[in-house]
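Colleague: Got a structure for you, questions after.
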Amino acid sequence: MKEKNKVYDIVYFHVEGEEYFKEKILHKLKYIVFNPETDIKYTFFGLLNAVYTSLLKEGLLLIKGLINLKYIEIWLRKLRATIVANQIRKYRPKVVLTFTDNSNIFHLVCESMKEVVFLAVQNGGRHSWCAYEALPQKELLYHIDEYYCFGEYVKDLFEKHNHNIKKYVLSGSLLGGEFFSQYQSQINSFNKSYDICLVSQWSKRLTKTNLLPPTWRNLNESIHSLIKLVADYSYYHGKSVCVALRSKDPEEKQIFQQYFKGNCSFQESDRSRYSGYVAVTKSKLIVAINSTLATESFGAGMKVLFVNPFNERWLKPTTNSGIWYFTGKDFSSFASRLNNLIDMNLKSYQQQSYDEMKRSVNYDFKKPLSKILRKRLLKLIRT
């Protein structure tokens, strides 16, 4: 964070390596990037001021901490947020914006800075685990003035868990909206190079089950079960498969090669080139557990099958069940479902799935989120 004495209209609360905002939405706007992982400055007088403010506002937490230490942790988190809020105030922004909507420090700073509008954009799938179990403490809820989320599914989820979100803007996904707004009308006419696009959700950290939250204990096994089901289906039914890789880790590709024995293609991971979106448009059917890419594609009107091998509630990515959802590991039933979906006319699939598509990802391809968000930012900074 640089140029401390300047005034900025927008503080871009930046946690992950996402450059999309700067290139498309913040172009020529007066903004500064604040990364809470590197830019928080602790000074004696700054800390003293933050402690005094936190004691006045949140002193009760310290009293509760005498009984339960978790309240001490909550108070310390809020103290840190107060320090960040005071730093941000020096820029006199009108907006604080983040693409990392699940950043706990962002929500606490929003709670502390009621004089500034905080906007958050959903950057990945948000399911029941995200809205409750993933919170550092159950009391540390989301605080957002305007939440630009995928659709009604997410809105209902966070309202159910009583998060402090003043306004929901059901606007689809940022990257998916940008891609599909250009190609959505051509989905039917795309040449399909593959029968199936299997969206990878493999991650090395999922193999370390002792370090995972209890809810995730079957996730790695679920991923391997799905890979095996699709590999066996491809082998016995002679279907072509493209694997949309999640990372650049060579081990990920090796896992799929072991199951498919070389009988699959790969789409390398390159978000800047929309690699995953390219892979799904080249395929007749998209298969995944609950990946964001699959959800975005489902909302765009593509044929998707979400597979939940152990029928775990937290892995269900839609409100309702239908032709887009399969539970269990029975190969015969799985193969039958894939055969039906691959052969099914796309319009027939869309007719049966339309309501759930809109609930999951509420795209408006004439007004993708990038345009909605930039228009809103311009209005806020000109007020």
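The values are calculated or read from the model by the stated rules, or taken from the named source; none is laboratory data. What you see is a predicted model; the values in this text were computed from it and never measured. No Cβ is skipped: glycine too gets one built from the backbone with ideal geometry, and neighbour counts run over all protein chains shown.
Colleague: Being among the hydrophobic types (A, V, I, L, M, F, W, C), within 17 Å of I25 (Cβ to Cβ) and either modelled with pLDDT of 95 or more or part of a loop (DSSP other than H, G, I, E, B) (or both) is true for just one of L378, L341. Which residue is that?
Modeller: Going through L378, L341 in turn, the sole match is L378.
Colleague: Could you tell me how many of the residues in the stretch 55-76 are in contact (Cβ under 8 Å) with a residue 40 or more places away in the chain and buried (at least 19 other Cβ atoms within 10 Å of the Cβ)?
Modeller: Going through the stretch 55-76 one residue at a time, the tally reaches 1.
Colleague: Based on this model, can you work out whether L226 counts as crowded, with 21+ Cβ neighbours inside 10 Å, under 19 Å from the mean Cα position of the chain (by Cα) and under 20 Å from G328 (Cβ atoms)?
Modeller: no
Colleague: Looking only at the stretch 348-364, which residues are farther than 22 Å from R126 by Cβ and in contact (Cβ under 8 Å) with a residue 40 or more places away in the chain?
Modeller: Y349, Q350
Colleague: From the list V199, V169, V243, which one is in contact with a Cys (Cβ under 6 Å, 6 or more places away or on another chain), surrounded by 14 or more Cβ atoms within 10 Å (Cβ to Cβ), modelled with pLDDT of 90 or more and closer than 18 Å to T295 by Cα?
Modeller: Result: V243 is the single residue among V199, V169, V243 that is in contact with a Cys (Cβ under 6 Å, 6 or more places away or on another chain), surrounded by 14 or more Cβ atoms within 10 Å (Cβ to Cβ), modelled with pLDDT of 90 or more and closer than 18 Å to T295 by Cα.
Colleague: Quick check: is even one residue across the stretch 295-312 modelled with pLDDT under 95 and of a type in the set (D, E, K, R)?
Modeller: There is at least one residue in the stretch 295-312 that is modelled with pLDDT under 95 and of a type in the set (D, E, K, R).
Colleague: Please tell me if K64 is at pLDDT below 95, within 21 Å of K379 (Cβ to Cβ), out of contact with any Leu (no Cβ under 7 Å at 6 or more places or on another chain) and assigned by TED's automatic domain parsing to the domain that holds K138.
Modeller: Considered against the rule, which asks whether it is at pLDDT below 95, within 21 Å of K379 (Cβ to Cβ), out of contact with any Leu (no Cβ under 7 Å at 6 or more places or on another chain) and assigned by TED's automatic domain parsing to the domain that holds K138, K64 comes out as no.
Colleague: Please pick out the residue among Y277, Y325, Y236 that is surrounded by fewer than 19 Cβ atoms within 10 Å (Cβ to Cβ), aromatic (F, W, Y), out of contact with any Asp or Glu (no Cβ under 6 Å at 6 or more places or on another chain) and closer than 20 Å to V361 by Cα.
Modeller: Just one listed residue meets the conditions, Y325.
Colleague: Give the stretch 29-70 a look and list any residue that's over 16 Å from I83 (Cβ atoms) and either part of a loop (DSSP other than H, G, I, E, B) or of a type in the set (S, T, Y) (or both), or say none.
Modeller: Within the stretch 29-70, L29, K30, Y31, L66, I67, N68, L69 meet the criteria.
Colleague: Continuing with the same structure: So if I check each of F298, F331, which one is surrounded by 18 or more Cβ atoms within 10 Å (Cβ to Cβ), in contact (Cβ under 8 Å) with a residue 12 or more places away in the chain and not assigned by TED's automatic domain parsing to the domain that holds A131?
Modeller: Only one candidate qualifies: F298.
Colleague: Among the residues of the stretch 99-141, write down those that are part of a loop (DSSP other than H, G, I, E, B) and either touching a strand residue (DSSP E or B) at 6+ places or on another chain (Cβ under 6 Å) or within 25 Å of E23 (Cβ to Cβ) (or both).
Modeller: Matches in the stretch 99-141: F99, T100, D101, N102, S103, V116, Q122, N123, G124, G125, R126, L141.
Colleague: Shifting gears a bit: Within the stretch 272-294, how many residues are in contact with a strand residue (DSSP E or B) (Cβ under 8 Å, 6 or more places away or on another chain) and under 24 Å from L219 (Cα atoms)?
Modeller: Result for the stretch 272-294: 12.
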